[in-house]
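What follows is calculated from the coordinates using simple rules that are stated; it is not laboratory data. It should be emphasised that the depicted structure is a prediction, and the values quoted were computed from it without experimental measurement. We place every Cβ from the backbone using ideal geometry, glycine too, and count neighbours over all the protein chains shown.
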Amino acid sequence: MPVLLATFQTALNGIFDFLLAPFGHGAFWFDLIFWPTLLGIGALQVYKHVSNQKAIAAVKRQISMHLLEIRLFRDDIAQVLISTGKIVVKNFRYIGHNLAPLLVMIVPMVLIMVQLVSHYAYRPSELGAIEVLRVKLDTEAEVGPRAVSLTLPPGVLLDAPPVRTADGQVFWRLRAQEPGDHVLSVHVGDETLEKGWAVGGANRKIPVKRLQSWEALLYPGEASIPPGSAVHSLELVGDTRSLSWMPDGEGGILLWAMLVSMLAGIALKDVFGVTL
């Protein structure tokens, strides 16, 4: 299973590295409007073919009817309470009708959103910037933090001695002296893992974390850590990218993508004949 996961991640990264940023990473607005809109259209198709459209339409009519009852019999407390209870029950039914399409959509939506995050949430570190490389060992690893060492490429300097903790973590404070896509080599016993660090130059896909297992799908900037490795994660998080009229960072892009996809779905639901 881990091998299949790594293969899937590599294939997915290759596809999106080709599809994303057709006008360069400077024109972030294109991907951050086009792809969420496409997600919204895809969600409509899922709703149309997976959900029970007739049942959704019926329960919405029933909710509207009970709301009308509350307005017409607002002086009858008993009737208002009964109608309110019926609305609560119908809302639970409405939510139930939406669960199946949500389950179908959640995985592809998350995979596309994290690709957008890897391309647009971060920017290269500036020259002279100081960042921290964090290595976390697997809890079942047979080696300790003392067995972890680091080899730096030209253009990256060690700014302070490493800090090793009792819970299996090692921290190096590094300084960026030259621009480029630097490759840091982490050695754990006989094992060597590489971690990228983008410094200077134009905006591009930024490697942030390397992880094991399914979590690697959430950070597609680099290949996943091979199964059976003594290392659980490699992390070097730089600065978030400023996107002017959008919130910065991972949360901002995820929130924006969800908002645009929802608005696209609401705006186009009648065009595709879908009841939400």
When the helices in the chain are scored as -39500 (n - 2.57) per DSSP H run of 4 or longer and the sum is shared across all residues, what 222 nm value do you end up with, to the nearest 500 deg cm²/dmol? -16000 deg cm²/dmol
Which of SER224, SER64, SER233 has the fewest Cβ neighbours within 10 Å, and the rest in rising order: SER64, SER233, SER224
Could you work out the longest stretch of the chain that avoids the chymotrypsin sites (Phe, Trp or Tyr not before Pro) located in DSSP loops with at most 15 other Cβ atoms within 10 Å? 74-244
Ordered by number, the trypsin sites (Lys or Arg not before Pro) in the stretch 13-80 that occupy a DSSP loop and have at most 15 other Cβ atoms within 10 Å are ARG74
Between the stretch 221-276 and the stretch 103-135, what is the C-alpha centre distance in whole Å? 8 Å
Report the calculated FRET efficiency for THR7 and SER149 (r = Cβ-Cβ distance, R0 = 30 Å), to the nearest 0.05. 0.50
Kindly write out, for the stretch 14-21 in residue order, the coupling ³J(HN,Hα) from the Karplus curve 6.51 cos²θ - 1.76 cosθ + 1.60 (θ = phi - 60°), rounded to whole Hz, with x marking Gly and Pro. x, 5, 6, 4, 7, 7, 6, 6
With semi-axes √(5λ) of the Cα gyration tensor in Å defined as stated, name the option among (1) 48, 22, 18; (2) 37, 20, 18; (3) 33, 23, 19 computed from the structure displayed. (1)
Label model pair ILE95, ARG61: point-to-point distance (7 angstrom along the Cα→beta-carbon line) in nm is 2.5 nm
Taking GluC sites (Glu not before Pro) as candidate sites, keep only those in a DSSP loop with at most 15 other Cβ atoms within 10 Å, then name the longest stretch of the chain containing none of them. 143-276
Counted neighbours (other Cβ, 10 Å), sorted fewest up, put MET109, MET258 in the order MET258, MET109
If I model a spin label at ALA129 and ARG164 as a point 7 Å from the Cα along the Cα→Cβ vector, what separation in nanometres do I get? 2.9 nm
Added length on full extension, which subtracts the Cα-Cα distance from 0.36 nm per residue, ALA27 to LEU157: 43.5 nm
